[in-house]
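The values are calculated or read from the model by the stated rules, or taken from the named source; none is laboratory data. All values reported here derive from a predicted model rather than from experimental measurement. Cβ: placed from backbone, ideal geometry, glycine included. Neighbour counts: every protein chain shown.
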Amino acid sequence: MAVKQLIECVPNFSEGRDMSIIKQITDEIEKIEGVKLLDVDPGKATNRTVVTFVGEPEPVIEAAFMAIKKASEIIDMSKHKGEHPRMGATDVCPLIPIANITMEETAAYAVALAKRAGSELDIPFYLYEAAATKPIRKNLATVRAGEYEGLTQKLADPKWKPDYGPAKFNPRAGATAIGARDFLIAYNVNLNTTSVRRANSIAFDIRENGRLKREGGKITGKVLKDKKGNPLRTKGKCKAVKAIGWYIEEYGVAQISMNLTNIKLTSLHKAFEETCKSADKRGIRVTGSEIVGLVPLKVMLDAGNYFLKKQERSTGISEREIIHIAVKSLGLDELGPFDPEKKIIEYVLKSDNKRPLVAQTLRQFADETASESPAPGGGSIAAYVGALGVSLGTMVANLSSHKRGWDSKWETYSNVADEGQDLKEELLYLVDEDTAAFNQIITAFRMAKNTDTEKADRKAAIIAATKNAIDIPFKVMTTSSKCFPLLKNMAKNGNPNSVSDAGVGALCAKTAVHGAYLNVLINCKDLEDQKYVDKTLAKAKTILNKAIASEKEILKIVASKI
């Protein structure tokens, strides 16, 4: 399955009062295909607007560049006043890894953005956090020290030569810090108390900075200090967490308000669990929690899987079910509905138009297949049948995991179910990929062929599309063949009451392999590259023969148990 990399960009612009200016900047962002504008948060007192958008790396970098360029043209820093520290029209522009991308890769994109902006715009650029070129530049506060008013002096200091762009003062645009940092989650935990004092006590237990050490360990005791006169502190339970207690009049309860600045060091569910422990020691109960803004899918899946394992339940269930467990376990729906489609970044971004078949109901899919349209055809159906087959094996694993008397084996069956879910998702993805491959062939045949160049381009496109139309059902074959060991395991060792389901799963898996083989065969017929054809068909025939043998073996096991 194609894996999409996602990064988030959260530029801060030094304008929070004139929304026509902000609109011009966000228009530049929205012009870039593949980028989704998630949030625009202006502040009048700070005279600053925080914009959030997300997408695959290349489009995000393009959108960020265009936004920085537009801001430099329409924001005049020489006239800017506001409460928040700032040094440029685009003050900061952090990139944040969201899905399937490392911090190192994200930092490389930050460097590429700064390099391009530095060469094309007359603005000094500094790299910070994970993209910093020097340790002294890692901290944003240090980079921004002196702010806009101190830039002339700062740029004259060789130690503060910009990473990219000219070492000269730009009175209109100022300077910009570009960096890469971890995703920050704003998270509030609800308490069954109205006491801010008690809430703060819990917050001090949780946050990394902890609480001040005092003489005699008393709240009113004198603050203890080290030899240099710095106050001593007792560290809290959670690294990379900032927290305070406050009272929310709207809800009539106190909350612990947290910022989780590095979810690799402290996960959402760990922060929640530690808050519960601290509250319980004080006779206070956690009643729920809320996520402010958006959250990455992985955070929710990690939380759901954590609570499932804590309950000794199988984690090999659908993504939606895992998220449901996370929502209920964290009490994310206490103060209002938690809608995954609006709160999880990947769901906000997804478009079912890109997977139209999988998004349909069973009846719609059957009706579409039965229509006069040639797609979806046998390849898509083969992939879907394979998905149904491994789903049956996964069901047997989940039933076995929850079987009375088999409690000691729950984790073994949970791992089998996890494997089944992965195979199911791969095959569902291939349902639409097969139809897309067929449509690609049709598009290639419709290309113009009036000139020699057009004829050559058309021929090359047809060959490429035909090879893709062979490769996709071949992937259906290889993926479906991976289902047999799982199905055999469940036929032999799974819940005996569901052995017939493992048998039906094997029948489906063999049908998927054989059906996909027929599609490989018919598409190879139209390809002139005989070497490619012979090599592919030899591999496909081997997979088919093994599938036929595996099906027979599993059905024999099933028959012996019925």
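Residue-by-condition table, conditions (1) hydroxyl-bearing (Ser, Thr, Tyr); (2) surrounded by fewer than 24 Cβ atoms within 10 Å (Cβ to Cβ); (3) assigned to a strand (DSSP E or B); (4) not assigned by TED's automatic domain parsing to the domain that holds Val295:
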| position | (1), (2), (3), (4) |
| --- | --- |
| Val40 | no, yes, yes, yes |
| Glu58 | no, yes, no, yes |
| Ala67 | no, no, no, yes |
| Ser72 | yes, yes, no, yes |
| Lys81 | no, yes, no, yes |
| His84 | no, yes, no, yes |
| Glu104 | no, yes, no, yes |
| Ala114 | no, no, no, yes |
| Leu127 | no, no, yes, yes |
Ser414 outside the structural domain of Gln311 (by TED's automatic domain parsing), among the hydroxyl-bearing types (Ser, Thr, Tyr) and either part of a helix (DSSP H, G or I) or under 29 Å from Lys309 (Cα atoms) (or both): yes
For Lys222: the one exception among (1) touching a Ser or Thr at 6+ places or on another chain (Cβ under 7 Å); (2) loosely packed, with under 14 Cβ neighbours inside 10 Å: (1)
How many of the residues making up segment 180-219 are assigned to a loop (DSSP other than H, G, I, E, B) and either touching a Ser or Thr at 6+ places or on another chain (Cβ under 6 Å) or of a type in the set (A, V, I, L, M) (or both)? 5
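Go through segment 90-102 and give me each residue that's without any contact (Cβ under 8 Å) to a residue 60 or more places away in the chain and not in a loop (DSSP other than H, G, I, E, B). Even if it seems obvious, please write down each step before you answer.
Let us first name the residues in segment 90-102 that are without any contact (Cβ under 8 Å) to a residue 60 or more places away in the chain, namely 102.
Result: no residue meets the conditions.
Only one of Lys475, Lys531 is modelled with pLDDT of 95 or more and under 21 Å from Ala464 (Cβ atoms); which? Steps first, answer last, please.
On the way: Lys531 fails: modelled with pLDDT of 95 or more.
Exactly one residue qualifies, and that residue is Lys475.
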If you check every pair at least six apart or on different chains, which have Cβ atoms under 6 Å apart with a residue in segment 472-489 that is assigned by TED's automatic domain parsing to the domain that holds Ala502 first and a residue that is small (Gly, Ala, Ser) and surrounded by fewer than 21 Cβ atoms within 10 Å (Cβ to Cβ) second? Phe484/Ser550
Of the residues in segment 140-172, how many are touching an Asp or Glu at 6+ places or on another chain (Cβ under 9 Å), assigned to a loop (DSSP other than H, G, I, E, B) and more than 15 Å from Ala114 (Cα to Cα)? 4
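I'm trying to understand the selection: among the residues of segment 243-274, which are among the β-branched types (Val, Ile, Thr), within 30 Å of Leu95 (Cβ to Cβ) and over 24 Å from the mean Cα position of the chain (by Cα)?
Ile244, Ile256, listed by residue number.
Residue-by-condition table, conditions (1) surrounded by fewer than 19 Cβ atoms within 10 Å (Cβ to Cβ); (2) more than 16 Å from Ala130 (Cα to Cα); (3) outside the structural domain of Glu120 (by TED's automatic domain parsing):
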| position | (1), (2), (3) |
| --- | --- |
| Ala156 | yes, yes, no |
| Pro162 | no, yes, no |
| Pro166 | yes, yes, no |
| Gly174 | no, yes, no |
| Asn190 | no, yes, yes |
| Thr193 | no, yes, yes |
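Take the residues of segment 418-467 that are outside any helix (DSSP H, G or I) and of a type in the set (S, T, N, Q): which is surrounded by the fewest Cβ atoms within 10 Å (Cβ to Cβ)? Break it down into steps so the answer makes sense when it comes.
Start the filter on segment 418-467 by keeping residues that are outside any helix (DSSP H, G or I), which leaves 446-451.
After this cut, where a residue has to be of a type in the set (S, T, N, Q) as well, the list is 450-451.
Numbers: Asn450: 7, Thr451: 9.
Looking at the filtered set, the residue picked out is Asn450.
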Residue under evaluation Val292, criteria (1) surrounded by 15 or more Cβ atoms within 10 Å (Cβ to Cβ); (2) modelled with pLDDT under 95, criterion not met: (1)
Tell me yes or no: at least one residue of segment 532-541 is over 17 Å from Ile381 (Cα atoms), surrounded by fewer than 21 Cβ atoms within 10 Å (Cβ to Cβ), without any contact (Cβ under 8 Å) to a residue 24 or more places away in the chain and of a type in the set (Gly, Ala, Ser). yes
The residue that is nearest to the chain's Cα centre (by Cα), considering only those in segment 213-242 that are hydrophobic (A, V, I, L, M, F, W, C), at pLDDT 90 or above and on the phi < 0 side of the Ramachandran plot, is Val241
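If we scan segment 441-455, do we find a residue that is touching a residue at least 40 places away in the same chain (Cβ under 8 Å) and out of contact with any helix residue (DSSP H, G or I) (no Cβ under 6 Å at 6 or more places or on another chain)? Spell out how you get there, then give the answer.
Let us first name the residues in segment 441-455 that are touching a residue at least 40 places away in the same chain (Cβ under 8 Å), namely none.
No, segment 441-455 has no match at all.
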